[in-house]
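One structure below.
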Amino acid sequence: MNLTSYLEFIKPSVGFSPLWHKYLMLSGMGIASVLLATIIDSLETAPYAAYYVGAVNAAIHPRFWDLLSVISLLLLCISLPLSYVSRVFPALTRLAQQTRRLTQTLLFLTADLGAIALGILLALLFQSGESEYLLAWKTLLFNGMGLILIMWLALLNSALWLIGASLYDTADNYSGVIAKLLNTRILIMLPSYAVLLNAVVYLMLSQQ
């Protein structure tokens with residue numbers, strides 16, 4: 001399967017355009033925030049003053065993004081079997097839809113915060129020295145080159161958005177990777193669900 005076929009396979013009903021727009025807008029806002037904070041603080045007469053740069057270092061802490069990611073994925077582990085069972089028991093359909101909406105909202109919120117963090121990290125990448133903010137993200141994700149860290153965060157953040165976009169859609173109910181999973185036979189879905197559940201549990205335990 002080539003890249004085009006793979007992207008078509010995982011493409012949600014809304015397409016990928018909302019994701020690109022999200023990165024352009026929110027990551028751009030993150031870059032602008034770093035640049036403005038640096039400029040404003042440089043105008044301060046006291047050499048030790050770094051009020052707004054300090055605010056950048058405190059913005060969207062990686063542990064908070066990690067917490068939202070874990071909560072979203074835990075809800076996903078509840079939502080998927082509930083959606084599957086609701087096909088057999090229609091009385092659970094409304095509950096399954098509400099659960100998927102909540103899960104999608106949290107996944108989108110996490111992706112929004114991650115997009116802003118990406119913009120901040122991109123701006124900090126071209127500054128001399130390593131900031132507290134960059135070091136905090138390295139501690140969570142990848143303790144290596146800053147560019148690899150940004151690529152890794154972009155990949156994980158995009159995956160969260162992709163799951164959210166595929167999970168609930170007012171027109172098609174669900175699409176993309178979620179539709180592929182829920183439309184498979186139970187003997188295939190169960191191992192896939194077990195892998196997802198184990199991955200979420202491992203993610204929770206590995207951060208302790």
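The values are calculated or read from the model by the stated rules, or taken from the named source; none is laboratory data. This is a predicted model, so every value here is computed, not measured. Glycine gets a Cβ as well: all are built from the backbone with ideal geometry, and neighbour counts include every protein chain shown.
Within the stretch 48-60, if we keep just the residues that are of a type outside the set (A, V, I, L, M) and either modelled with pLDDT of 85 or more or assigned to a helix (DSSP H, G or I) (or both), the residue that is nearest to THR103 (Cα to Cα) turns out to be ASN57. For the stretch 77-132, taking the residues that are aromatic (Phe, Trp, Tyr) and within 24 Å of MET151 (Cα to Cα), the one that is surrounded by the fewest Cβ atoms within 10 Å (Cβ to Cβ) is identified as PHE126. Of the set (1) hydroxyl-bearing (Ser, Thr, Tyr); (2) surrounded by 12 or more Cβ atoms within 10 Å (Cβ to Cβ); (3) outside any helix (DSSP H, G or I), all apply to THR45 but (2).
Scanning the stretch 13-38 for residues that are of a type in the set (Phe, Trp, Tyr) and crowded, with 16+ Cβ neighbours inside 10 Å yields one hit, TYR23. Residues considered: LEU74, LEU26. Of these, the only one that is modelled with pLDDT under 90, in a helix (DSSP H, G or I) and closer than 23 Å to LEU156 by Cβ is LEU74. With respect to (1) farther than 26 Å from HIS21 by Cβ; (2) crowded, with 19+ Cβ neighbours inside 10 Å, the lone exception for TRP65 is condition (1).
Give me a count of the residues in the stretch 77-102 that are within 18 Å of LYS180 (Cα to Cα) and either among the polar types (S, T, N, Q) or in a helix (DSSP H, G or I) (or both). Going through the stretch 77-102 one residue at a time, the tally reaches 13.
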